[in-house]
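Colleague: There's a structure below that I have some questions on.
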Amino acid sequence: MNFELLQKHLQQHFTGIKILGQERIFGGDINMAACVHTNEGDFFLKWNDARRHPNMFEAEFKGLELMRTHSPALRIPKPLLCGEIKGTSFLLMEFIENGHPKRDFWKNFAKGLSSMHKTSSSFFGLYHNNYMGSLPQSNKRHIDFSNFFISERLEPQIKLAYDRNLINSSDITKITQLYGRYNADVPRETPSLIHGDLWTGNYMIDNQGNACIYDPAAHFGHRESDLAMSRLFGTFAPEFYHYYNESFPLEPGWQERTDLFNLYPLLIHVNLFGSSYVSSVMSIVKRFL
Ligand code: ADP
């Protein structure tokens with residue numbers, strides 16, 4: 001990122017703003033990031049080659065806004081500006097200072113997320129497409145969850161994995177045999193506004209000791225998707241699930257359905273990080289068949 005050009009760009013939107021310095025932040029999977037110090041305070045900036053992931057930051061901006069609108073109880077960074085400077089796309093947002101968890105951290109986090117999940121819609125999907133990690137995610141709207149999940153989540157990833165020679169046609173036959181389980185096993189619920197990529201790396205503790213969620217793949221989906229992802233790589237604390245269930249009870253057996261939902265992020269991992277994730281996908285398929 002050329003910070004001189006960024007300053008000029010920012011001055012068109014925020015009068016008198018001056019960049020005083022910047023510090024790189026590492027830990028993201030996809031983009032470059034920094035804390036930008038200015039005379040107006042600190043901001044969080046992410047950037048990438050604009051050609052690589054078209055409209056990624058516009059979609060993230062809208063996702064953050066949508067979640068902020070519907071979950072006042074949960075800390076979500078306020079997106080401020082996205083744009084492009086000489087082939088580099090960027091997203092500027094509120095900077096979240098790190099802190100230590102306060103006493104009711106998991107309780108508040110659970111209540112905040114469950115209240116966002118209570119935001120409903122008449123369809124699964126969204127008005128615009130977005131990304132899951134760095135892969136495009138179609139949010140074409142469906143009335144039925146299993147049709148949505150199979151057509152807009154599993155099938156595009158299966159096709160991509162096949163085209164990249166990461167899985168073969170016999171794997172595909174087995175995965176598709178699982179499709180009936182989404183209709184039979186997943187409880188019918190109204191669509192919920194979900195974060196969409198709520199693995200343990202996508203929340204942080206702010207300086208008030210509260211959870212802050214970021215880097216969403218937001219859409220109206222099945223709320224068990226968020227809970228499943230929170231248990232995919234590491235897990236939230238047991239109290240979180242207890243308090244979540246208290247404020248928005250889950251249908252019995254949700255723990256056993258976790259892997260049905262996590263098939264999607266695991267297929268994403270196959271496509272992003274290669275064949276080492278195929279065995280995780282196939283062992284889920286084997287178990288459910
Ligand atoms: P990527 O899109 O590359 O996955 P992330 O959005 O996950 O990047 O951000 C990278 C890292 O930056 C996160 O792991 C987190 O530690 C930190 N981070 C993300 N958003 C903010 C923010 N608004 N304020 C401060 N730090 C943030």
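Coordinate-derived values only; no laboratory data. Keep in mind that this is a model prediction, so the values were computed, not measured. Note that we place each Cβ from the backbone using ideal geometry, even for glycine, and neighbour counts take in every protein chain shown.
Colleague: Quick check: net charge around Trp254, other residues with Cβ under 15 Å of its Cβ, Lys/Arg +1 and Asp/Glu -1? Spell out each step's value before the answer.
Modeller: On the way: positive: Arg181, Arg188, Arg223, Arg231, Arg257; negative: Asp185, Glu189, Glu224, Asp226, Glu246, Glu251, Glu256, Asp259.
Local charge sum for Trp254: -3.
Colleague: If each residue of separation counts as 0.36 nm, what is the full-extension length gain between Ser138 and Arg52 once their alpha-carbon separation is subtracted? Please report the intermediate quantities before stating the final value.
Modeller: Values: separation 86, 0.36 × 86 = 30.96 nm, distance 1.72 nm.
Stretched out fully, the Ser138 to Arg52 stretch lengthens by 29.2 nm.
Colleague: Calculate how steeply helix 238-247 sits against the longest principal axis of the alpha-carbon atoms of the chain, using the helix alpha-carbon long axis, and give the answer as 0 to 90 degrees to the nearest 10.
Modeller: 80
Colleague: When Lys and Arg each count +1 and Asp and Glu each count -1, what net charge do the other residues less than 11 Å away from Ala161, Cβ to Cβ, add up to? Show your work: numbers first, answer last.
Modeller: Values: positive: Lys159, Arg164; negative: Glu155, Asp163, Asp171.
Every neighbour counted, the sum reads -1.
Colleague: Additional query: Using R₀ = 22 Å, calculate the FRET efficiency as 1/(1 + (r/R₀)^6) where r is the Cβ-Cβ separation of Thr176 and Glu256; round to 0.05. Please list the in-between numbers first.
Modeller: Details: r = 21 Å, r/R0 = 0.96.
The calculated FRET efficiency here is 0.55.
Colleague: Suppose every Lys and Arg Cβ carries +1 and every Asp and Glu Cβ carries -1, with no other charges. What dipole size does region 39-141 come out with about its Cα centre, to the nearest 20 debye? Working shown, then result.
Modeller: Working: 15 positive and 10 negative charges, 102 e Å.
The dipole magnitude comes to about 480 debye.
Colleague: Summing Lys, Arg as +1 and Asp, Glu as -1, what charge do residues with Cβ under 12 Å from the Cβ of Lys118 carry, Lys118 excluded?
Modeller: Numbers: positive: Lys111, Arg223; negative: Glu189.
Computed value for this residue: +1.
Colleague: If a paramagnetic tag sat 7 Å from the Cα of His242 along the Cα-Cβ line, which residues of region 102-120 would have the backbone N under 16 Å from that point?
Modeller: The answer is 103-111.
Colleague: Taking other Cβ within 10 Å of each residue's Cβ, how do Ser225, Ser122, Ser138, Ser230 sort, fewest first? Before the final figure, lay out each step's value.
Modeller: On the way: Ser225 27, Ser122 9, Ser138 15, Ser230 23.
The order, fewest Cβ neighbours first, is Ser122, Ser138, Ser230, Ser225.
Colleague: For Ile25 and Glu84, calculate 0.36 nm times their separation in residues minus their Cα-Cα distance, and state this gained length in nm to one decimal. Don't skip to the end; give the middle numbers.
Modeller: On the way: separation 59, 0.36 × 59 = 21.24 nm, distance 2.01 nm.
Full-extension gain reported as 19.2 nm.
Colleague: If the chain between Arg188 and Met282 were fully stretched, how many nm would it gain, using 0.36 nm times the residue separation less the Cα-Cα distance? Kindly include the intermediate steps, with their values, before the conclusion.
Modeller: Values: separation 94, 0.36 × 94 = 33.84 nm, distance 2.57 nm.
Gain in length upon complete extension: 31.3 nm.
Colleague: Helix 278-288 sits at what angle to the longest principal axis of the chain, using alpha carbons and giving 0 to 90 degrees rounded to 10?
Modeller: Helix 278-288 and the main axis of the chain meet at about 40 degrees.
Colleague: Using just the alpha carbons, could you tell me how many Å³ per residue the convex hull of region 105-288 encloses? Don't skip to the answer; put the middle values down first.
Modeller: Details: hull volume 20.8 nm³, N = 184.
Here the figure is 113 Å³ per residue.
Colleague: Mean-square fluctuation check for the chain, GNM, Cα pairs under 10 Å: which of Gln157, Gln22, Gln12 is largest?
Modeller: Of Gln157, Gln22, Gln12, the most mobile in the Gaussian network model is Gln12.
Colleague: Treat every Asp and Glu Cβ in region 111-257 as -1 and every Lys and Arg Cβ as +1, leave all other atoms uncharged, and give the resulting dipole magnitude about the Cα centre to the nearest 20 debye. Could the numbers behind the result be given before it?
Modeller: Values: 13 positive and 16 negative charges, 59 e Å.
That gives region 111-257 a dipole magnitude of about 280 debye.
Colleague: Here is a follow-up. Among Met116, Met229, Met132, which comes first, second and so on when ranked by fewest other beta-carbon atoms within 10 Å? Write down the numbers at each step before the final one.
Modeller: Numbers: Met116 27, Met229 23, Met132 20.
Lowest count first: Met132, Met229, Met116.
Colleague: Which listed residue (Ala228, Leu91, Val285) has the Cα farthest towards the positive end of the charge dipole for the chain, taking +1 on Lys and Arg C-beta and -1 on Asp and Glu C-beta about the Cα centre?
Modeller: About the Cα centre, the residue reaching furthest to the positive side is Val285.
Colleague: Related question: Any lysines with Cα under 22 Å of the Lys118 Cα? List them, leaving off those in the same chain fewer than 8 positions away.
Modeller: Partners within reach: Lys62, Lys78, Lys107, Lys140.
Colleague: Any idea what the dipole of region 170-289 comes to, in debye rounded to 20, about its Cα centre with Lys/Arg Cβ at +1 and Asp/Glu Cβ at -1? Working shown, then result.
Modeller: Values: 8 positive and 13 negative charges, 98 e Å.
Taking the Cα centre of region 170-289 as origin, the dipole is about 460 debye.
Colleague: With unit charges on the beta carbons (Lys and Arg positive, Asp and Glu negative) and the dipole taken about the Cα centre of region 1-58, which residue among Leu10, Val36, Leu20 sits farthest to the positive side?
Modeller: Positive-most Cα among the choices belongs to Leu10.
Colleague: Could I ask something else about it? Given the options Gln157, Phe240, Asn168, identify the residue whose Cα lies farthest towards the positive end of the charge dipole of the chain (+1 on Cβ of Lys, Arg; -1 on Cβ of Asp, Glu).
Modeller: Result: Asn168, furthest along the dipole toward the positive end.
Colleague: Another question about this same structure. Per the helix-only calculation at 222 nm, which mean residue ellipticity applies to the chain, given -39500 (n - 2.57) for every DSSP H run of n ≥ 4 and division by its residues, nearest 500 deg cm²/dmol? Don't skip to the answer; put the middle values down first.
Modeller: Values: 11 runs with 114 residues, N = 289.
Rounded to the nearest 500, it is -11500 deg cm²/dmol.
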